[in-house]
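The values are calculated or read from the model by the stated rules, or taken from the named source; none is laboratory data. In this text the structure is predicted, and so the values were computed from the model without any measurement. For neighbour counting, all protein chains shown are included, and Cβ atoms are generated from backbone atoms with ideal geometry for every residue, glycine included.
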């Protein structure tokens, strides 16, 4: 079964793919978009379930620094369509935004669904043809795209294609990384997909798991030294889980933690449980005579240490060490946690790895496959949560769409 070749094909219905389709439509091209799932934007919708963090309003220099080693590859894309442009684009869909106290930007209604509905209405009105339950399975001998559908295989001949297939996290929503071996078979270099913005395993005692799993650890500073000797430090909060640790503070450090574990077999994270107290004050308070009071009561009354923070102290120190004021004070200011492994990629919020930027030209076209472009999380970059992931997906989708539009005009 063959379909007449459309002017442009977009494969993947997440933010990057939809943005590429919008650019192509605005440039006067007809566009067919294919997605393996029963509907488009599924990961986008789930990401916004607890409040859609669209982007971040911090200064541009700090914003760009969040992309770490891939900043050089992404900077021109983000300068062209960064946080301010993305907010204006959202407003153009009739969706109001606000900046939270953390400088994160959210839709006024906090949800992704109204934004996606308005966007899809605009795209369909512009002529976008969406084909769901079409899983891309590779190219045939003639170079045509092959899709598996409930009705059987479909082939599509296209001279202009934008791939936006996502990374390897949340396979149930379509980002399963199944495209990797298909690209590698064509000689396209792909960095291995790895978990990003993920949790890590810690060998908790049964007591700590049973009593504290699911509880947040707030207002701490976490630091560690990576395999290259670089010190990383962040303040914030995280959650003690049954398997280890997760949450925003952990996600912010996940890339160097993951890489350090790969190099050393583990990573030691140090927690300052009382960042507002200097070491001398902590030592003075724990050294204060406690009389007949228990150590638990003493720590709570003198330092406000209780609950999960007290539990973490008892997890790390022996009974003798808990009663050694020097060791206790040192642990309060620098409590060691040994992380042994990153959680599986399918549990991660996002993934690292993907198509190497070196395999692409400045328009995001694959050098070995003329007329084939890549965008979104399937590219080899990563960023922390806080709106940075979505912003780069939108920006790269827009850049790929513009690149495809310019390339098609020259044919």
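Here is how the numbers come out for the structure above:
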| item | result |
| --- | --- |
| Flag if residue 269 is outside the structural domain of residue 69 (by TED's automatic domain parsing), buried (at least 20 other Cβ atoms within 10 Å of the Cβ), at pLDDT 95 or above and not in a helix (DSSP H, G or I) | yes |
| Which numbered condition residue 51 fails, given (1) under 15 Å from residue 386 (Cα atoms); (2) not in a loop (DSSP other than H, G, I, E, B) | (2) |
| Test for residue 348: is it under 12 Å from the mean Cα position of the chain (by Cα), buried (at least 24 other Cβ atoms within 10 Å of the Cβ) and more than 23 Å from residue 106 (Cα to Cα) | no |
| Any hit, the range 84-97, residues being under 19 Å from the mean Cα position of the chain (by Cα) and modelled with pLDDT of 95 or more | yes |
| Those residues of the range 76-101 which are loosely packed, with under 14 Cβ neighbours inside 10 Å and outside any strand (DSSP E or B), in sequence order | 76, 79, 80, 84, 88, 91, 92, 94, 96, 100, 101 |
| Index of the failed condition, residue 64 passing every other in (1) assigned to a loop (DSSP other than H, G, I, E, B); (2) under 21 Å from residue 364 (Cα atoms) | (1) |
| First in the range 19-48 and under 18 Å from residue 350 (Cα atoms), second anywhere and part of a helix (DSSP H, G or I), Cβ under 6 Å, 6 or more apart | 41/116; 42/173; 43/173; 44/15 |
| Elements of type strands (runs of 3 or more DSSP E) in the range 194-248, at least 1 residues being at pLDDT 95 or above and over 17 Å from residue 347 (Cα atoms) | 216-225, 231-240 |
| Helices (runs of 4 or more DSSP H) wholly inside the range 300-411 containing at least 3 residues that are in the same structural domain as residue 81 (by TED's automatic domain parsing) and touching a helix residue (DSSP H, G or I) at 6+ places or on another chain (Cβ under 7 Å) | 388-409 |
| Evaluation of residue 123 against (1) within 23 Å of residue 27 (Cβ to Cβ); (2) exposed (fewer than 15 other Cβ atoms within 10 Å of the Cβ) (one fails), failing number | (2) |
| Residue within the range 20-29 that is assigned by TED's automatic domain parsing to the domain that holds residue 376, within 21 Å of the chain's Cα centre (by Cα), crowded, with 23+ Cβ neighbours inside 10 Å and more than 19 Å from residue 251 (Cβ to Cβ) present | yes |
| Candidate set: the range 355-395, residues that are over 13 Å from the mean Cα position of the chain (by Cα) and under 14 Å from residue 72 (Cβ atoms); chosen: the one surrounded by the most Cβ atoms within 10 Å (Cβ to Cβ) | 360 |
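Matching residues to (1) outside the structural domain of residue 366 (by TED's automatic domain parsing); (2) crowded, with 16+ Cβ neighbours inside 10 Å; (3) at positive phi; (4) touching a helix residue (DSSP H, G or I) at 6+ places or on another chain (Cβ under 7 Å):
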{"position": "169", "(1), (2), (3), (4)": "no, yes, no, yes"}
{"position": "177", "(1), (2), (3), (4)": "no, yes, yes, no"}
{"position": "184", "(1), (2), (3), (4)": "no, no, no, no"}
{"position": "214", "(1), (2), (3), (4)": "yes, no, yes, no"}
{"position": "243", "(1), (2), (3), (4)": "yes, yes, no, no"}
